[in-house]
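K.L.:
Next up is a structure, given as C-alpha cells.
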Amino acid sequence: MRRPLAGPERPEPDRRLALEVLRALRAGDVEQLLRVIGPHPRVVVDGCGHGDELRLQCAMLDCPVSRVVAAALRWELRSVNGGPGLVGSRSGRVVVVAVLVGAVGDATELWVVANPDKLRSWSSGSATERL
C-alpha cells in the first residue's frame, strides 16, 4: 500500500487543504469539513483493532453530535512524513494523526492513524514525523 509522498514531491495544495480542514475541525463544522475534503477521497485508516472510536466518529458525521466530537480534540498542523498533517490530541495525549493529499474540495487521499501503539511517540513529544 502506497503512503503519501514525502519531501519536495508534496505539492502546496496539500498544505492549503490541511489548513482548511484544520479550520473546520477547530470550529466543529462538519458540513464545512465535508466540503473541504470533497466527495471522493480514498480513505485509509490504521486503527489496528483500536479504531472503534474513530469509526463511531465517522458514522456520526450526519448527526449534530458530530460537531462536539470534532471540536472535542485539540487539533494542530504538524509535519508528518515530510508533508503537512493534522494531529488531534485529548488531555495531552495524541489520539489521531491524519494526512490529506489533494486540493481544497478535492482531496484524493486521507490517511488516518489512530493506532495507539504507533501514536505513543507522538504523545511523549519524541515523534519523528514518521508513521
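What follows draws every value from the coordinates through simple rules; no lab data is involved. Just so it is clear, the structure is predicted and the values come from calculations on it, not from any experiment. Please note: Cβ atoms are built from the backbone with ideal geometry, for glycine as well, and neighbour counts cover all protein chains shown.
K.L.:
So how much slack lies between Gln32 and Ala72, counting 0.36 nm per residue of separation and subtracting their Cα-Cα distance, in nm? If you can, show how the numbers build up before the last one.
P.N.:
Details: separation 40, 0.36 × 40 = 14.40 nm, distance 1.66 nm.
Taking 0.36 nm per residue and subtracting the Cα distance, the gain is 12.7 nm.
K.L.:
Now a separate question. What order do you get for 26-35, 112-121, 95-104 when each peptide is scored by the mean count of other beta carbon atoms within 10 Å, highest first?
P.N.:
Descending packing order for the listed peptides: 95-104, 112-121, 26-35.
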